[in-house]
Structure formats: C-alpha cells, structure tokens
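Here's the structure we're looking at; comments come further down.
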Amino acid sequence: MTPRDYLPPTARHYETAVAQLPRLDGRTVAITGSTSGTGAVLARTAGRLGARLLLLNRPSDRAASSAAELERNGIDATQIDCDLQSFDSVRAGAAAALACTPAGIDVLCNNAGVMGLPDRATVDGCDIQMQTNHLSHFLLTSLLWPGLRRAASERGEARVVNHSSGARHGAALQARYLEHTGGQLGGDGFPGLAKWRRYQQSKLANLLFSYALSDRMPAEDRARGMKALAAHPGPTNSGLQAKTANAGGMRLLDRYILARTLKVAHAVEDGALGIIRASFDPDAQDGQFYGPAGRGEPGPAVLLPSERDAGAEKLLWDVSLHTTGVDDYWPRPDRPQSIERGQ
Ligand SMILES: NC(=O)c1ccc[n+]([C@@H]2O[C@H](COP(=O)([O-])OP(=O)(O)OC[C@H]3O[C@@H](n4cnc5c(N)ncnc54)[C@H](OP(=O)(O)O)[C@@H]3O)[C@@H](O)[C@H]2O)c1
C-alpha cells in the first residue's frame, strides 16, 4: 500500500475542542506551511474564529489555491512567499510580514515540516530537513520578534508555537546536524536509517527551541505577555507521508515506518489540536507542551509534561545562532538592520 491508499480517518475531538476557544477578532496569526495538513487546519480554525491570517508558504499553486480557498470563505488571508529552504527567502518573507502588520503579530505558529528526505544540502549548505524544520523557524522567529512584541504591548499577549513530533525521541541533539553539513549526514545508503535520524534531530530541535526561547526571552518581553510553546500532533494522516514517498529512494524500512504510522494515525483535524491549543487556548502558559498523551496515541491534545535538558537547549541555541548568522536575537524597532544581517 502507498500512503495515498489509507482512507483519512474521521475527526473525533476537533469540534468539541474548538467550540471551547474564544473568538480571535482583531488578532493576526502567522502560520508556516498552511497548504496542507495541520497548518491548513490551523488556518481554517483561526480564520473561522475571526483572525487575520499571514500564510508563510513557499510559492506554489498549492499556496495560491489554499489562500484563495480561505478568502472564498470570507477569511482575511495574505500569502507571503517564504521558502524555508533558503535563509534569504525567510528574511524577505519576514520583512514582508512585518510591513503588512503595523498592529503586530499575535501568534507565530512554526508548523511547516518535511520528513524522511534524502541527504541533500540547501542553498545555505544545511541539511534540508534541519533547515526547513528548525533553522529557518529559528531565524524567522527572531526577525518577527518586533511584530510579536508590538502585539503583546498592545493586546497583552503574543505566542510562538513550534511543531515537534513523537519522532523527537531516540538520540541526544548533536551539533553537526545544525551546522553547514548538508549532504554529509549519513547519506541515503542501506539500511536507510540516516534520513530518520536527521528527522529525529530536527523534531527534537523544535521542542528544545521552545524551551530555550522561553528561558532566554528578555524579562520585559515576558512581562508584556510573550510566550513560547510547543506541540506535537501524534501520528496524523496528512500530506506528509505521501511527500516522503514522492521524494524517492523508498526502502522497505521506509514503507514499514510509513505504513505503521498511517495504520494508527488520527484525522488531521485531531492532529492539529496540539498547535491549536498552544496557539489559542486562553489557559496556555509560556513553556508548555501540548499533544496527544503517551507516545502520541490518537486522542485529544492534552498538556504534556515538559522534557527539559538545559545542556541540549544551550547547544541548540548557540549553534543555531551561528548557523543562521543571527547576532541580536531580540531586535528592537530602532534597530531594524537585523532584517538585513547575514545576507
Ligand atoms: N503527519 C504526522 O504524522 C506528523 C507527526 C509528527 C509531526 N508532524 C509535524 O507536523 C508538521 C506539519 O506536517 P503535516 O503532517 O501537516 O504535513 P504536510 O501536510 O506535508 O504539511 C507540511 C507543510 O509544510 C510546508 N513546507 C514544506 N517545505 C516547506 C518549505 N521549504 N517552505 C515553506 N513551507 C514548506 C508544506 O508546503 P508545500 O505545499 O510547499 O510542500 C506544507 O504546507 C510538520 O512540522 C511535521 O514534522 C507531523
């Protein structure tokens, strides 16, 4: 069976959870990767609740048609070109996002991700999976910080939400996965485990980044109500597995991993509940982690115990700063040069 052969399961928890959320009128929600999967559900949900949307996607027909579909449903959605495989594209996307949000950005959901791709370097020389899933989100968050700070100053709260995975378990974070080492991270040879290790490292990075951001944000920003949170969806029947298959080089092991995921996967609406709660639940606090319980068994998104590791968070922070070329992580409006830095 291929990923496409699995029938999408029916959502069981989504409507009940969303019915408990407040309206989002007057709020702006920025989402990376809203063309399909959990990002598309988050966009529909936030739009339905009255938010204005910034859709940070790489340019494609998928991006154009998903934005058009939201607009057809009366949702205020702006597509912003932002290819997470290129730091220049992220810098341009952040500049465009700040330019069209004078009242600030209330939520940045770093949702986009790729999984199980071959050992290739991006134009910046980083691993495709690590740059898409973590490094570009690390850079984007810094660049959008002035917009998040504006929203928090004006409305008392702003959130950054990172999308991790049950696949984060299995090995401690290693610096080399975060460096300019694309194409040198285990290759694609037999038995094909290296691509899953690269994915594991990127999803561990998403969780560590949330905690590191929470710990390091300036005290005045914390006092303004700025929050860093994390979520994971559990195995979810989205577009992700088909894209892994389409990337080629599928081995028996890959087919087994994907088939096993899809056999137990829940509906994409339920998979999105972690990022939905982390983004919009009025009770969500800085440093919290939402997702299905246990190892990600299908179910409602609950508040999960934190998984802190100060040493790994420091490693993540220091190496990510170096690789992305960010030297002032918390730019102030009077120092807009940080958008240009590193080009
Ligand atoms: N599905 C699961 O079982 C599962 C489990 C654990 C964690 N997750 C995580 O959940 C998140 C969402 O995944 P999903 O399951 O919803 O998969 P999906 O349907 O494939 O959605 C991924 C999104 O990321 C976007 N994206 C990929 N590369 C990009 C790039 N270079 N620049 C900008 N956007 C890019 C995709 O846009 P394009 O249309 O341009 O490709 C798409 O909108 C990911 O972070 C993933 O790691 C998923």
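The values are calculated or read from the model by the stated rules, or taken from the named source; none is laboratory data. Just so you know, these numbers come straight off a predicted model, no measurement behind them. Every residue, glycine as well, gets a Cβ built from its backbone with ideal geometry; the counts of neighbours run over all protein chains shown. To get the accessible areas, we keep the full protein, side chains included, count just its heavy atoms, and leave off ligands, DNA and RNA. Shrake-Rupley method; radii C 1.70, N 1.55, O 1.52, S 1.80 Å.
Summary of values
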quantity: Any hit, region 276-288, residues being more than 16 Å from the ligand (Cβ to nearest atom) and not in a loop (DSSP other than H, G, I, E, B); calculated: yes
quantity: Count of residues meeting criterion [in contact (Cβ under 8 Å) with a residue 40 or more places away in the chain, assigned to a helix (DSSP H, G or I) and within 11 Å of Gly116 (Cβ to Cβ)] in region 228-272; calculated: 9
quantity: Close pairs from region 287-306: first buried (at least 18 other Cβ atoms within 10 Å of the Cβ), partner of a type in the set (Lys, Arg), Cβ under 6 Å, at least 6 apart; calculated: Tyr290/Arg277; Ala301/Arg277
quantity: Test: residue in region 206-227 that is open to solvent by 30 Å² or more (accessible area, probe 1.4 Å) and among the small types (Gly, Ala, Ser); calculated: yes
quantity: Residue in region 133-180 that is nearest to the ligand (Cβ to nearest atom), counting only those that are in a helix (DSSP H, G or I), out of contact with any strand residue (DSSP E or B) (no Cβ under 9 Å at 6 or more places or on another chain) and touching a residue at least 60 places away in the same chain (Cβ under 8 Å); calculated: Arg168
quantity: Meets criteria (β-branched (Val, Ile, Thr), more than 16 Å from the ligand (Cβ to nearest atom), closer than 29 Å to Gln241 by Cβ and surrounded by 17 or more Cβ atoms within 10 Å (Cβ to Cβ)) for Val18; calculated: yes
quantity: Selection count, region 310-328, where residues are surrounded by 16 or more Cβ atoms within 10 Å (Cβ to Cβ) and either at pLDDT below 95 or in contact with a Leu (Cβ under 7 Å, 6 or more places away or on another chain) (or both); calculated: 9
quantity: Condition met for Ala272 (closer than 24 Å to Glu15 by Cβ and either within 13 Å of the ligand (Cβ to nearest atom) or within 20 Å of the chain's Cα centre (by Cα) (or both)); calculated: yes
